[in-house]
Amino acid sequence: GVEKPSCSVGMVHKSCCEPAALGAVAWKDSGTRAQHDLTLKLAVWSGVELCLLWPSVATLMGQGPPPPSQIAAAWLPTASNGKAPAVGPLVHAKYVSGVRVGSDEGSHAQLGMTLYAPASDVGDDWLMLGHSTAASNVLVVERSPLVRACDGWAPVWTDQGSGNPSKQAVWVPTCSDPDFVALGVVCTMREGAAGAADGGVNGGVHGGVNGGGDEGTWTPPSVAVGMLHASCCERAQLGQMVWSDNGTSGAYDVTLNHLVWSGGATVNLMWPSVATLMGHTPPSPHCIREASMQAAADPASTINRLKMASELHLGDCGISDEMVGPLALLTKHSAKLVKLDLSSNKLGLQSARAIAQALFGNTVVTDLNVSSNAFGPAAGKTFAQLLKMNSCLQVLNVSDCSLGVTGEAAIVDALQANTSLQTLNLRGLPMPVDAVKAGRSLDAPVLTKYVPGVLAGSDAGSGARLSLSYYAPASLPDGWLMV
């Protein structure tokens, strides 16, 4: 008597698939009092958690649910709409301008510190990761299933014992889901006689964490701070010291350092290297895995980091020909950049020539993705010349670039003079160069793309403790199926 779905759902031939993993719990039947048990988790494809569900517990199936599968990376091209494939970056980050929200004025610390948060026009969909110490390059991330606002706070330091009436403190955001981690700290500090720091970060200084004695209490911040799923993160390093409590005469010791992310880039966030209030060594610092992060900012804020970065993801950033000059120049002289992604932008033939010329004698960059840009057929000769002049590039993606038959032919012919390229993507399918030379078809067998969704239902009325809303594509052209 259970009604079955009436929608069409895609299934992929097993020759194109490989085992997947399961991530965070999305829904359980706990509380429904149903006869059978069910736990649904988010599918993890190639280390990235997706908005797809798969059962980890399903007693109705008797022998347990079948293992989850994913489309193998070799069969996942860039979709015809120029967007990332299903296993592409799912954490969108960008740099924004900051506004001053406080300082340690009145703390008597030997090192001064000024605090900055994103300007108010950043929008509700974006979350800061912690306070910054400079007004430029304040990092924010977009809300998603892998990015959520914190729901608690742990004290890193308070000025207990200092005699300071302003009740200054440092906090690390926490989440009730242990799979989410913090990437920065937030401070509640007054600005001398000016009162509490604005920007929504000071929730009052009377109540909250117990300060002991007659000094009152410290209230946690009230600002929404982003936390990321651990599957999107990796260990970071601590860089230069930013601030310490030396001089405050407080009962607890703290030292805050800048964070150094993978690739050696210093990020405008802080993390404690010393925090005696926590009773133990502070938790390890984290950063967003480069493979999980897609830049969403204007490239101007990223250019300054290019020389120190090993990978630069600037896909779908609205970059035009006028912006490519500085990027090409820095790419040419970078000693560390090995992967450059400029896909899905507004680049033309001028940009193709600038990028190719920057890489003619380059011996560092091994992976170049310029897909989904309207270069035109003439760019085929430009990239063909690049392949003849470059002996380092291993992966080249020029799919969906309006190269036409003549442009593609020029690139294929140039492979005979190239000794380094291993993978070429001309029509949406990453193909081994040896296969291209052997005349294998350039067409992709499995195309994927993201489309807007509409609410298709929820578990309202089930009595389950975890609520679930599920979505389906708003509309699909003929020939496309949801998975």
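The values are calculated or read from the model by the stated rules, or taken from the named source; none is laboratory data. Remember, it's a predicted structure, so these values are computed and weren't measured experimentally. With ideal geometry, Cβ positions are generated from the backbone for all residues, glycine too; neighbour counts draw on all protein chains shown. Note: areas computed on protein heavy atoms with side chains; ligands, DNA, RNA excluded. Shrake-Rupley method; radii C 1.70, N 1.55, O 1.52, S 1.80 Å.
Looking at the stretch 357-380, can you tell me whether even one residue there is farther than 22 Å from residue 318 by Cβ, touching an Asp or Glu at 6+ places or on another chain (Cβ under 9 Å), in a helix (DSSP H, G or I) and open to solvent by less than 20 Å² (accessible area, probe 1.4 Å)? Yes, the stretch 357-380 has at least one match. Residue 428 meets each of the listed conditions (1) open to solvent by 40 Å² or more (accessible area, probe 1.4 Å); (2) at positive phi apart from (1). Taking the condition surrounded by fewer than 22 Cβ atoms within 10 Å (Cβ to Cβ) and either more than 30 Å from residue 397 (Cα to Cα) or modelled with pLDDT of 85 or more (or both), does residue 92 pass? Taking the combined requirement at face value, the residue does not satisfy it.
Out of the residues in the stretch 220-241 that are in contact with a helix residue (DSSP H, G or I) (Cβ under 9 Å, 6 or more places away or on another chain) and not in a strand (DSSP E or B), state the one that is modelled with the highest pLDDT. Among those that are in contact with a helix residue (DSSP H, G or I) (Cβ under 9 Å, 6 or more places away or on another chain) and not in a strand (DSSP E or B), it is 232. Sub-8 Å Cβ pairs linking a first residue in the stretch 437-456 that is at pLDDT 75 or above to a second residue that is open to solvent by 70 Å² or more (accessible area, probe 1.4 Å) and in a helix (DSSP H, G or I), at least 6 apart or interchain, are 437/416, ordered by first then second residue. Scoring residue 111 on the criteria (1) at pLDDT 90 or above; (2) surrounded by fewer than 18 Cβ atoms within 10 Å (Cβ to Cβ) leaves a single failure, condition (1). For residue 139, the conditions (1) closer than 15 Å to residue 270 by Cα; (2) modelled with pLDDT of 90 or more; (3) in a strand (DSSP E or B) all hold with the exception of (2). Selection within the stretch 408-422: residues that are part of a helix (DSSP H, G or I) and open to solvent by 30 Å² or more (accessible area, probe 1.4 Å). The member of this set that is farthest from residue 392 (Cα to Cα) is 409. Considering every residue within the stretch 431-440, establish whether at least one is open to solvent by 10 Å² or more (accessible area, probe 1.4 Å), closer than 17 Å to residue 355 by Cβ and of a type outside the set (Asp, Glu). The answer is no; no qualifying residue exists.
The residue list 166, 144 contains one member that is under 13 Å from the mean Cα position of the chain (by Cα) and surrounded by fewer than 24 Cβ atoms within 10 Å (Cβ to Cβ), which is 144. Within the stretch 323-343, take every residue that is modelled with pLDDT of 90 or more and farther than 17 Å from residue 421 by Cα and give me the one that is surrounded by the most Cβ atoms within 10 Å (Cβ to Cβ). Across the stretch 323-343, the extreme among qualifying residues is 343.
Can you work out which of the residues in the stretch 449-483 that are closer than 27 Å to residue 39 by Cβ, of a type outside the set (A, V, I, L, M, F, W, C) and in a loop (DSSP other than H, G, I, E, B) is most open to solvent (accessible area, probe 1.4 Å)? Taking the candidates together, the pick is 465.
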